[in-house]
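Notes follow once the structure below has been shown.
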Amino acid sequence: ATASVATLSGSSIKGLTDGSYDKAWSSVAQGVTFPNDITLDFGTKPVTANQIKVVTRFGTGQGVTKLDLEYYNGTAWVPLKQGIQWTWKYGDQTNEAQIVDFDRTTATKFRLKIQAANLKWGNFAINELEMYDKH
């Protein structure tokens, strides 16, 4: 995974996809502007998916609130789902998940285009980002 936004020191983008909710990826502490991109690049191996799951702790303070989902068709980014809006309930250590279903798509790259987030502490954060192919 890669991100177009600078990250807090010690905050690795790899934490997004490590299978653990314990480590969070976080944007810089101050001066976040939107949109921001988080790209899942699977290299030469196409992946088929129809659902993403985003897990965040302290969602009311640092959770993503508006985003678009896109995929790369080999030459351009194509919208999968736009104007996704999330409301977070928890401002504590609770692992809170948001799930987005979309049309089954096969691609080597998927992208979350972050349009807005809760910025209580000046940054937004994601503890885990997962993709699924649900039948």
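Details
- Yes/no for Thr87 being more than 19 Å from Thr39 (Cβ to Cβ) and free of Cβ contacts under 8 Å to residues at least 24 places away in the same chain: yes
- In segment 36-51 there is no residue matching the filter, namely being in contact with a helix residue (DSSP H, G or I) (Cβ under 7 Å, 6 or more places away or on another chain) and of a type in the set (D, E, K, R).
- Subset of segment 38-60 (residues that are open to solvent by 30 Å² or more (accessible area, probe 1.4 Å) and either outside any loop (DSSP other than H, G, I, E, B) or out of contact with any strand residue (DSSP E or B) (no Cβ under 8 Å at 6 or more places or on another chain) (or both)): Asp41, Gly43, Thr44, Lys45, Val47, Thr48, Lys53, Thr60
- Among residues of segment 58-104, those that are under 13 Å from the mean Cα position of the chain (by Cα) and of a type in the set (D, E, K, R), counted: 3
- Selection of segment 24-33 for residues being touching a strand residue (DSSP E or B) at 6+ places or on another chain (Cβ under 6 Å) and open to solvent by 70 Å² or more (accessible area, probe 1.4 Å) yields an empty set.
- Number of positions in segment 101-128 that are at pLDDT 95 or above and touching a Lys or Arg at 6+ places or on another chain (Cβ under 6 Å): 3
- Some residue of segment 78-92 being out of contact with any helix residue (DSSP H, G or I) (no Cβ under 8 Å at 6 or more places or on another chain) and modelled with pLDDT under 95: no
The values are calculated or read from the model by the stated rules, or taken from the named source; none is laboratory data. Everything numeric here is computed off the predicted structure, so don't read it as measured data. Quick reminder, even Gly has a Cβ in these numbers, built from the backbone with ideal geometry, and neighbours come from all protein chains shown. What goes into the accessible areas is simple: the full protein's heavy atoms, side chains included, and nothing from ligands, DNA or RNA. Shrake-Rupley method; radii C 1.70, N 1.55, O 1.52, S 1.80 Å.
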